[in-house]
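Have a look at the structure below, then the notes.
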Amino acid sequence: MTTDLLARATDALPTLMHDLERLVTCESPTADLAAVAAGANLVDVMGAGYLGSAAERIVVDGRTHLRWRLGGDTGPRVLIVCHQDTVWPIGTLQRLPFRVEDGIVYGPGCFDMKTGLAMAFHALRLLGAPQTLPSVTLLVTGDEEIGSPTSRQLIEDEARQSSAAFVLEASGNGGALKTGRKGVSLFRVSAFGRASHAGLEPEKGLNAAVEIAGQVLAINGLGDPAAGTSVVPSVLSAGTTSNTVPAAATLMVDSRAWTVAEQQRVQAAMTSLQPTVPGARVEVTGGINRPPMEPAGSQTLFALAEELSSQIGSGALQQISVGGGSDGNFTAGVGCPTLDGMGAVGGGAHADSEHVIVEEIPRRTALLAGLIDAVCSGAAVR
Ligand SMILES: [Zn+2]
């Protein structure tokens with residue numbers, strides 16, 4: 001199986017590039033529900049061609065997600081996680097058209113992560129005819145770029161039933177797989193005081209802006225750089241008019257941590273913040289949004305990927321841990337061994353310089369196919 005995967009993936013490259021062009025030229029910004037639905041339609045039709053059946057369509061709050069459950073119900077099941085939404089608004093193609101120049105693909109969403117999506121179809125194709133495919137669940141969601149509010153449940157449910165998850169997000173620098181991601185917590189801090197005229201009787205007010213200022217400084221001290229924990233006061237607002245003592249103020253806080261223990265420490269500290277202005281009130285809402293993907297959970301799977309990569313001829317593999325979150329946080333968070341960043345090699349995610357290196361595509365596709373086959377055949381994953 002592994003010996004000819006790379007040759008067959010290379011033969012299929014022109015077809016994959018044609019699929020990629022169709023995906024990139026169908027713009028699918030997360031914020032535009034109709035565009036996300038149109039993107040899902042295209043992916044569904046394309047997938048039916050490769051997988052022998054249309055997807056199950058799961059619509060949550062008007063947002064369309066696709067699921068293919070392939071193969072039988074015995075033996076290990078592999079979960080492949082893709083998203084087809086992008087951060088690029090409709091019309092971006094006019095400014096950044098799809099094109100291939102000197103072996104590099106450009107276009108909105110090519111790196112994050114439409115190439116990964118095309119690779120998933122082609123990797124499954126390499127494994128055989130639709131009716132002979134191993135036990136694989138392929139999810140293609142439509143809200144990853146806003147934190148997967150409507151697909152999280154689906155992703156976690158599928159991960160619980162799977163032996164391993166492969167997330168087709170863009171790779172790290174030089175093609176590194178992502179085996180660690182920080183967990184993300186989001187908080188909203190509200191301060192409540194009392195309004196009064198800033199000129200006539202300021203002493204009758206309770207200044208919520210002053211209160212929140214004290215909280216900004218306290219919160220700024222909650223991080224632990226040595227542990228890699230950041231706690232960042234970010235969006236801040238207070239008051240109504242320049243001549244009114246502010247009655248209310250709000251602060252958004254973004255916190256990232258490598259471990260659940262650190263997330264819980266920050267959560268405990270945030271929820272026990274006390275007011276500093278006598279009479280003012282402070283309220284904290286929010287909390288842990290994505291659990292961390294802790295590298296320990298992926299090491300057996302990464303070792304398998306290294307071994308397969310050298311057998312297939314896909315070259316040496318690197319692994320990295322990153323601060324940004326993805327759906328890999330959710331699959332790893334429910335205990336499913338996860339390799340993330342399995343998709344395209346390139347750079348410029350969410351930037352005008354977004355690009356993908358064409359010659360890496362067959363290697364990555366072959367590696368994904370080899371990994372699916374190995375896990376479904378019973379290779380150790382933990
Ligand atoms: Zn992505």
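Values computed for the structure shown
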quantity	calculated
At R0 = 41 Å, FRET efficiency that the Cβ-Cβ distance of residue 377 and residue 38 yields, to 0.05	0.65
Ranking of 67, 77 by count of other Cβ atoms within 10 Å, fewest first	67, 77
Two-site label geometry, residue 10 and residue 352: point separation in nm, points 7 Å out along Cα→Cβ	3.7 nm
Kirkwood-type radius of region 103-158, with distances r between different C-alpha atoms, in Å	13.4 Å
Cα centre as origin, Lys/Arg/Asp/Glu Cβ charges: the chain dipole, Debye	600 debye
Label-zone membership for region 202-241, site residue 281, 7 angstrom Cα→C-beta point, backbone N under 16 Å	206-209, 211-212
Förster radius 51 Å - calculated FRET efficiency between residue 237 and residue 25 (Cβ-Cβ, nearest 0.05)	0.80
Theoretical FRET efficiency, 1/(1+(r/R0)^6), r = Cβ-Cβ of residue 311 and residue 176, R0 30 Å, to 0.05	0.95
The chain: angle of helix 13-24 to the longest principal axis, Cα-based, in degrees nearest 10	30 degrees
Proxy reagent accessibility, fewest Cβ within 10 Å first, across 182, 114, 204	204, 182, 114
Crossing angle, helix 260-271 versus the chain [Cα axis fit, 0-90 degrees, rounded to tens]	20 degrees
Gyration tensor verdict on region 322-382 (Cα atoms; rounded if a/c is under 1.5, prolate if a/b is larger than b/c, oblate otherwise)	oblate
10 Å binning of all Cα-Cα separations within region 269-338, expressed as whole percents from 0 upward	17, 29, 22, 14, 10, 5, 2
Alpha-carbon centroid distance for the pair region 204-255 / region 1-71, whole angstrom	44 Å
Tensor-based shape of the chain (alpha-carbon gyration tensor, a/c under 1.5 rounded, otherwise prolate or oblate)	prolate
Mean ellipticity per residue at 222 nm, deg cm²/dmol - from DSSP H runs of n ≥ 4 across the chain, formula -39500 (n - 2.57)	-10000 deg cm²/dmol
Full-stretch length increase - residue 230, residue 218 - with 0.36 nm per residue and alpha-carbon distance subtracted	3.0 nm
Global geometry of region 1-97, whether rounded, prolate or oblate, following the gyration tensor of its Cα atoms and the 1.5 cut on a/c	oblate
Residues 46, 113, 252, 293, sorted so that the one with the fewest Cβ neighbours within 10 Å comes first	252, 46, 293, 113
Projected label distance in nm at residue 254 and residue 57, using a 7 Å step from Cα toward the beta-carbon	3.4 nm
0 to 90° range, to nearest 10: angle between helix 208-220 axis and the chain longest Cα axis	50 degrees
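Since every read-out is calculated from the coordinates, none of them should be taken as a lab result. Since the structure is predicted, the reported quantities are computational estimates derived from the model, not experimental observations. We place every Cβ from the backbone using ideal geometry, glycine too, and count neighbours over all the protein chains shown.
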